[in-house]
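Take a look at the structure set out below.
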Amino acid sequence: MRVNGSNIKGLTVWELLALIALVTALAFLLMSVIGGNGVADQRSLTISRLRAIRDALHKYAIDNGGEFPTSDQGLAALVREPTTDPIPRNWLGPYLPDAAALADAWGRQFHYVQPGAGEPPRPYDLWSLGADGAEGGSGPDADILSWKRGTLIP
């Protein structure tokens with residue numbers, strides 16, 4: 001087609017379909033990156049938070065002669081200095097920014113027991129009950145346990 005002495009060509013139907021397919025594919029890719037997979041994202045966030053708490057517990061123990069917070073003091077000892085016995089010798093916290101860091105992605109507090117169970121006993125047990133909030137489960141509902149590496153994989 002010639003308009004005013006210039007060559008103007010339009011897109012063929014196939015080129016237009018290819019362009020639409022490309023734009024659609026890019027939109028789906030962008031949505032999957034931005035929107036993500038809700039349950040998998042929550043599980044990954046919970047694992048990240050558990051690891052951050054685990055690191056904070058070890059920093060607390062290093063500062064306090066190898067002693068971890070007691071079960072009664074709980075994870076709150078990572079955010080504010082405990083006032084119950086045994087009072088930490090050298091509390092240099094806060095070890096976590098705020099109490100919100102002590103909850104899993106589903107809004108439930110992590111479970112913490114000191115000393116932990118097992119043979120030999122662990123210094124502590126730290127866990128989340130997963131998406132369903134109930135003990136056990138599989139897939140996204142599976143518990144996330146500080147002492148089992150397999151549960152710490154997103």
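How many residues are farther than 16 Å from Y60 by Cβ, in contact (Cβ under 8 Å) with a residue 12 or more places away in the chain and aliphatic (A, V, I, L, M) when one looks only at region 106-137?
Number of matching residues: 2.
Can you find a residue in region 91-103 that is in a loop (DSSP other than H, G, I, E, B), more than 22 Å from the chain's Cα centre (by Cα) and over 25 Å from S44 (Cβ atoms)?
yes
Go through (1) farther than 18 Å from P154 by Cα; (2) at pLDDT below 95 one by one and return the number of the condition D125 breaks.
(2)
Just to be sure I understand, how many residues within region 57-86 are on the phi > 0 side of the Ramachandran plot and either exposed (fewer than 11 other Cβ atoms within 10 Å of the Cβ) or assigned to a helix (DSSP H, G or I) (or both)?
Number satisfying all stated conditions: 2.
Of all residues in region 136-154, count the ones that are out of contact with any Leu (no Cβ under 6 Å at 6 or more places or on another chain), outside any strand (DSSP E or B) and under 19 Å from R49 (Cβ atoms).
Adding up the residues that qualify gives 11.
Going by what's in this entry, would I53 be described as aliphatic (A, V, I, L, M) and surrounded by fewer than 15 Cβ atoms within 10 Å (Cβ to Cβ)?
Against the criterion (aliphatic (A, V, I, L, M) and surrounded by fewer than 15 Cβ atoms within 10 Å (Cβ to Cβ)), I53 does not qualify.
The values are calculated or read from the model by the stated rules, or taken from the named source; none is laboratory data. Quick caveat: nothing in here was measured; it's all calculated off a predicted structure. Here Cβ is always computed from backbone atoms with ideal geometry, including for glycine, and neighbour counts include all displayed protein chains.
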